[in-house]
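The values are calculated or read from the model by the stated rules, or taken from the named source; none is laboratory data. None of the values given here were measured: they were computed from a predicted structure. Here Cβ is always computed from backbone atoms with ideal geometry, including for glycine, and neighbour counts include all displayed protein chains. What goes into the accessible areas is simple: the full protein's heavy atoms, side chains included, and nothing from ligands, DNA or RNA. Shrake-Rupley method; radii C 1.70, N 1.55, O 1.52, S 1.80 Å.
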Amino acid sequence: MRTLFLRPTSGMAFTLLLALSVQDLQAQLHSILVEPDNVVYSSTTEIPDASQHMLVASTVDDGDPEHQVRISRVKTDGSLQWEWDYNRVNGWRASHVLTIGDNLGVLIGVGGLDTIGNEVHSIIMTFNLGSGAILTMAEIQENTATNAKGIVITHGMVGADGSLILTGWLGGTTGVQLDESRVALLMSVPIPAVGQSSITPNWTHALNTFSPTDAPDYDMGSHVTEVPNIGYFMSGSANAFAENVEASGYHQ
């Protein structure tokens, strides 16, 4: 058995494609897609249509300091089918990419998550898997009556009922200030129709762990999966914001 060591170049993001041989159980490097040094890797998923194609969603730092989203459709041999940059005013970032069937791609992102104080808006973008063309870009509507501002989605999946099940956090206004109290979030939203600019959640659950009260705490959902015929399993962290990590308590 051989051990493969990889040392990525500083400041670069890359996609590593490995194949596992059943005969000798040896991992073999097939190819690497190296992005420019202003791209931060975010998420990848397989397109389940027997094309051996993957989607790679990245965040591009264009230095304004707004960020934009880049999605690439790449075959497992490293060849590139298409690559698009998707721009929004005030910038946005990629959180998670997934597919629905053979033709529809979904990018879950966060608009305004930058360093210049723009308000956070979580966004669902659908696009054509064959060409990368945008079908719709819709913002998730928030419950402003309860001052529930600042939804930041980190991960999502397609539920058995056909809706998008999303997790992340709720709270604050910019999504980048760690001293803003937050609660972990689990929600269901419909897949936006072509041309739809906003979507209202089907349901929302917020989880506040009430971490130590030395300072505002922040909770975060990081991954969600479905348990058939039962419900959803969400994992994340419950962190009290403080300089002293041991005193504040970081819990999963």
#### Entry: Separation of the Lys75 and Asp49 label points, Cα + 7 Å toward Cβ, nm
1.4 nm
### Message
Let me check something: with ligands and nucleic acids excluded, how do Arg73, Arg93 order by accessible area (1.4 Å probe), largest to smallest?
### Response
Arg93, Arg73
### Residue-by-residue Karplus 3J(HN,Hα) for region 224-236, coefficients 6.51, -1.76, 1.60, Hz, glycine and proline x
9, 9, 9, 9, x, 6, 10, x, 10, 10, 10, 10, x
